[in-house]
Amino acid sequence: MSGTKKPEVGDLIEIFRVGYEHWAIYVGDGYVIHLAPPSEVAYAGASSVMSVFHDKAVVKKEKLSVVVGDDKYIVNNLLDDEYEPQDICLVVKHAHRHVGNMLSYSLFSHNCEHFVTELRYGKPRSRQVRKAVGIGVATIGAVGIIAAVVAAAAALLSDSEKEEKNKY
């Protein structure tokens, strides 16, 4: 377990799992509240990546140390420059109201990062989804460019072969 600074009530906690980040909100006394698909557990390593295939998740209140396990974490109130955080007392009250509830889960529209940013800012946002979509678009764009270059090279080669045949 590690952190750059001691979390304060209402802080977002970014936990670095293998292949993705898990998010929680600090509610005091060493506890966090987080949206956790059934296979999202500390110490699970790469197998916890499978949590993205669930369509339901439960809101849990657990010790930060238990949720983090051997992974690293940081306090990351990532949208403070963009949005005004909501009143911390209301944030914690709303977070506690969800504990034990089974919620819909979607990697792209309602994951653990969406859950905590909606609590803190009133806006469900996921930077890792935006990054993944951006990478996907960039990859598709790069593949398209490569395909166009290959097609152009093939066309030039084909024209060159036709010219060679016509010479004789």
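The values are calculated or read from the model by the stated rules, or taken from the named source; none is laboratory data. What you are looking at is a predicted structure, and each value in this text was computed from that prediction instead of being measured. Because the Cβ atoms are built from the backbone with ideal geometry, glycine has one as well, and the counts that use them run over all protein chains shown.
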Test: residue in the range 83-105 that is at pLDDT below 95 and of a type in the set (D, E, K, R)
no
For Gly134, the lone unmet condition from (1) surrounded by fewer than 14 Cβ atoms within 10 Å (Cβ to Cβ); (2) modelled with pLDDT under 85; (3) in the same structural domain as Val18 (by TED's automatic domain parsing) is (3)
For Tyr20, are the conditions met, namely being surrounded by 14 or more Cβ atoms within 10 Å (Cβ to Cβ), of a type in the set (Phe, Trp, Tyr) and modelled with pLDDT under 90? yes
Among the residues of the range 55-87, the number that are over 24 Å from Asn101 (Cβ atoms) and of a type in the set (Lys, Arg) is 1
Within the range 64-100, the residues that are under 14 Å from Ile33 (Cβ atoms) and in a loop (DSSP other than H, G, I, E, B) are Val99, Gly100
